[in-house]
Every structure is written in structure tokens, then in C-alpha cells.
Amino acid sequence: MQQPSLLAVASVLFTLASPALAQTNNYTGATGSSWGTVSNWSLNSVPTSGQDVLSANGTEVRIQTATAAVAGNLTIGGSSGTSIVALRNDSLNSLTVSGNITLAPGGGTGQLSLGTGTGFTSTLTIGGGTGSIIDGGGVGAATIAIFGHMGTLGLSSATADNLYVNQNSSGSLTIGSGQTYTVTTTRVGSATANVTHALTVNGTLVSTTINLGYSAASGTNDATFTLNDGGLIQATTLRRPGSQNITFNWNGGTIQNESASNLTVDATSGTLTIGLAGTGTHTFEADSGRTITVASTAVLADQAGQNGTLTKSGLGTLTLNSTNTYTGATSINAGTLILGSSGSIANSSTINVAAGAILNVASVTGGFSVGSAQTLGGSGNVTGSATINGNLRPGNSPGVLGFSSALNLGSTANIQMEINGSGTRGTDYDGIDVTGALTYGGNLDLAIASPFAPGDYSFSLFNSASKAGTFATVTLSGAYTGNLNGVGDVWSLTSDGNTWTFTESTGVLAVSAVPEPSTWALLGLFALTCAGWKLCTAKRRDAVHETKNPA
């Protein structure tokens, strides 16, 4: 009997020792045929969870008619043509992939079409909710197309060339908290008449272009885009491209420029209205060296009956070129906010400029004006000339607010400054710095807000290249409580003996404060008591001396 060769034995041993590789079950059926048909598969059986599935022949396989499809890994797309796996919207269907889904790994297009009709629920779960949709990196496009109401998909992340919500029927998709979708082009809307579309972002959407609506929409079309608290959008273009009815609900979250790019928010048709909710934080975050521009065709407005706020963060620049109508506060926490016109911030919006932050109003024709119902405050810098007809509150308890050009305080201006101590300007008391000319006007209200001992103090409130005009009124309010030689005292600014002056030519407040009369009386009594005690002690000492040493 012939003995097996050493090579044959080694081959058998290697085979036995090696883990079993997953089988690949290729789709071989006609386009539009069913996943559940046995004859459509290369292994002549419907795929199991232990089999990898390849649909690469440029046709469409449909998961329909109450089918619960399963696979190990699913690859859609081959060397040419358009290959589609469609989770249909005609009944209760599901697709469960234990691994990942890969789209368009070769020269052809790979598309995952997801949808569910009215009264049905279709589900997609990848890797038990921790798997991903992966762009295969081929020449063809990787596309995720939403045809129906899918809710939140059971996956961790999705990467594709296109995310289309929706194609030719009403539907919606939610990017869940903790999920990240990275796509080149996102579209909410389609050309199909009389349908509605919705995309909600609770997680992260990174998309070079986000089109809200379809450029060739027909009939009645409504699309809703919602960004919620905790959600993040990173993009280069955020646009309304057509005439489709668009509702943009900004309920909170962050809009940021895509990495190494600038961001433009605009509309090529009509106006893109972004509705700010009365709750939540609405943040534009511009990276260092990058810009976010809200064009004149995009408006930031309150949602109905609410007062939305706006926050600028990041070291980059945000430019507002439209006439915005949101009524809540505007906070510049970092970087620069450029106003293209005086109407870029509503007259009722409070503006707070934090320290290393800049409000740039140089582009406002005729200079920037703070309206009668508006407040400007903070400890950053304002670039460009400004007129204050409303409230000016420098500092951030306290701080120094700087103006790089002229500052005109109008007759209706109300300037409020805090004095919390006698030490460092900007740390213990507020200040205003003006590189150019300062014109006084309106009312100056100086508030003593913190205790320190009586004495003579000088506070440099206003520094400027030149000063003109006069305040209508200057009011100093508040009271000190302090400690003098270990004895508690209290004095009021209205008590006899206390004086203060504000000199407009120097911008300096001088205060001379003394304890109230009752404190002086207490100190006098204390002094007399001490003197009497010393005299008695001296006499007692002399008496003791005479007793011990009689003459």
C-alpha cells in the first residue's frame, strides 16, 4: 500500500488545525427578485447568519413579503453596474447582519435602499447595533437611500458617498445619539410630488454638502431637518437648493465647519429659515483659521412663540450677513463674530463678548448701533465704531471691554459698571478701553458690590485716545462693610464725611470713605478705655513699688 507523502499529511493537518472560513453565498437572481427565493443564490439556499453575502451582478435583490433576512457580512457592488439590496416598504421586513455592510468596493455602484410603508415596521441591525456601513472605496458610488420611515438604525456608524432621505416616497431617518454618519452628500427631499421627508440628528453628521430639499422638486413637497441638543453637524455647504418647503428645527446642538474647510449656510432658491428653539444651546463652532458664513439668503429666527439664543464658539470666525430675527441672547465665547449689517442681530438680543473673543462690526455701514432694547457686555473686544443707544455692561463680573475705534454713548445709553474691590482694573472693577475717540452721553451707573475697608481710592474707569461730551447723570450706589484696627465698621455712600467725584476728562472715579460716626465713637471710647487702663496700671505699679520699698 502506497504511503501518503509528507506534503499530503501536512496539508491534512493544516486543514484540521485551521478555523473554518465563512461561506460566501452570491446573489445570482434577476433584478427585482426576492431575497427569500432559494434559486436566487449560488449555494441554492437562502443565506444564513454564518454566511457572507455578495450582491455584485448589477441587479437588485428585494427583502419583501414578511422576510427576515440574515447574513454574516454583506457586500453590495461589484466591478460594474448598480447593485442594490432593498429592504422594501411593502410589509414587515428585517435585515440582520452579524458583521458589517460594505458598499461599492469595486468599479460599480453599491446601494442600500431602506424603507417601510404606512402601518409596517422594517428594521436593520448591523453587528448587534455596534457594526458599521462601510464605503468600500471603489470607483462607484456608495449610497444609502431611505424610502420610508426607518427611525434609528441599529448600527454604530455609516460611511458612504450619498445619504438620500427620501427617494420616491414619504419617510424619515434619525441619526441616533452616539452614532456617526460620514457622507459626501446628504439630501433631504426628492423630485416625487406630494411626499414628506425628515432627517433628525441626535448624533453626528459629517457631510461635505447637505442639501435641504431637492432642486427639481415638483408638486407639494415638505422636508423637515432637525438638530437636537447633543447633535453635531460638520459640513462645507448647508443649503436650500430648490423651492421645496423646508422646516429647519434647531432645537440645540452644534453646527461646525468640516475639517480643514469653511462652511457656507445659504439658499440658491428663496430663503433658508433656521428656527431656534427657546430651550437648548445653539452653537456655531468655527475652527481656528476657518470661517462659517451665514449668507443673506439664510435667516436665523425664533421658532413660533419662543426666544432662541445663539452661541459662537471656536477660535475661527462666524459671519452673519442676513437680517436675523431671533430674540434671545447672543454669546461670543471665543473667536470672532462679524456682523455684515446692523440687522444681523435683533434689537432685543443681548450681546455678550467673552475674554480672547471679538465682535467685529467694521462692515456695518454707518457704524454699529446698540438699540434701545439691546445690551452689549463682556470683557472681549469690539472692532469698528459703535454707538450705544441701549445698555452697555462691560466686564464679566468684573472685566474690561475694549473698542478698537470710536465709541459714542448716546443720550439714551445706560452704562452700568461694577466695583468689587480697589485692586486690579478688570479684576476688581470694570473698565472701558477705546482706541479712538470716546463721546460721553446717557447715564453712568456705578455699583459698589463688594466689601473693603474705608479709605481713599481711585478707579480708572475709562481709557481712550480722546474724550468729549458729558454724562447726563452719574450715580454711585452701594455700601461698604469693612474692618479697621480689628473693629467692625459699616459706612454708607450717603453718610456724612464720605465723598466721591468722577472726572470726565480723565475717566477716573475718586472715593474718600470714612467709617460712620458711631464707629468713630466706638473707637474713641476704646482709646479712652485703653488710656485709662494704662494710667491705672501705672498707678498700681507705683503703689506696689512704694509698699515694697518704704521711704
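The values are calculated or read from the model by the stated rules, or taken from the named source; none is laboratory data. Keep in mind that this is a model prediction, so the values were computed, not measured. Note that we place each Cβ from the backbone using ideal geometry, even for glycine, and neighbour counts take in every protein chain shown.
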Within the bounds of segment 289-306, is there any residue that is in contact with a Lys or Arg (Cβ under 7 Å, 6 or more places away or on another chain) and in a strand (DSSP E or B)?
-> no
List every residue pair whose Cβ atoms lie under 7 Å apart, where the two residues are 6 or more positions apart in sequence or sit on different chains, the first residue falls within segment 383-398 and is part of a loop (DSSP other than H, G, I, E, B), and the second residue, located anywhere, is charged (D, E, K, R).
-> 397/418; 398/418; 398/428; 398/430
Starting from segment 275-287, take each residue that is in the same structural domain as residue 228 (by TED's automatic domain parsing) and list its partners that are among the acidic types (Asp, Glu), counting only C-beta distances under 8 angstrom and pairs at least six apart or across chains.
-> 275/302; 276/302; 278/302; 280/229; 281/229
Tell me, which residue of segment 95-112 that is surrounded by fewer than 21 Cβ atoms within 10 Å (Cβ to Cβ) and under 36 Å from the mean Cα position of the chain (by Cα) is nearest to residue 65 (Cα to Cα)?
-> 96
Would you mind telling me which numbered condition in (1) without any contact (Cβ under 8 Å) to a residue 12 or more places away in the chain; (2) among the hydroxyl-bearing types (Ser, Thr, Tyr); (3) closer than 21 Å to residue 160 by Cβ residue 39 fails?
-> (3)
Some residue of segment 417-427 being within 18 Å of residue 374 (Cα to Cα) and in contact (Cβ under 8 Å) with a residue 24 or more places away in the chain | yes
Of the conditions (1) on the phi > 0 side of the Ramachandran plot; (2) not in a loop (DSSP other than H, G, I, E, B), residue 351 fails just one. Which one is it?
-> (1)
Considering only segment 207-286, give the strands (runs of 3 or more DSSP E) lying wholly within it that have at least 1 residues that are of a type in the set (Asp, Glu) and farther than 24 Å from residue 144 by Cβ.
-> 263-267, 282-285
Top-ranked residue in segment 427-440 [being touching a Gly at 6+ places or on another chain (Cβ under 6 Å) and closer than 22 Å to residue 475 by Cβ; ranked as surrounded by the fewest Cβ atoms within 10 Å (Cβ to Cβ)] = 428
Is one or more of the residues making up segment 138-146 assigned to a strand (DSSP E or B), surrounded by fewer than 23 Cβ atoms within 10 Å (Cβ to Cβ), touching a residue at least 24 places away in the same chain (Cβ under 8 Å) and not hydrophobic (A, V, I, L, M, F, W, C)?
-> no
Using beta carbons and a limit of 8 Å, which pairs, at least six apart or on different chains, have the first residue in segment 312-340 and farther than 15 Å from residue 273 by Cα and part of a strand (DSSP E or B) and the second one at pLDDT below 95 and of a type in the set (Phe, Trp, Tyr)?
-> 339/368
Tell me, please, whether a residue that is in contact with a Lys or Arg (Cβ under 8 Å, 6 or more places away or on another chain) and either within 16 Å of residue 142 (Cα to Cα) or without any contact (Cβ under 8 Å) to a residue 24 or more places away in the chain (or both) can be found in segment 92-112.
-> no
So is residue 61 modelled with pLDDT of 95 or more, in a strand (DSSP E or B), more than 41 Å from the chain's Cα centre (by Cα) and in the same structural domain as residue 149 (by TED's automatic domain parsing) or not?
-> yes
Filter segment 30-75 down to residues that are crowded, with 17+ Cβ neighbours inside 10 Å and aliphatic (A, V, I, L, M), then give me how many there are.
-> 10
Subset of segment 225-258 (residues that are among the polar types (S, T, N, Q), crowded, with 18+ Cβ neighbours inside 10 Å and over 23 Å from residue 335 (Cβ atoms)) = 226, 228, 244, 251
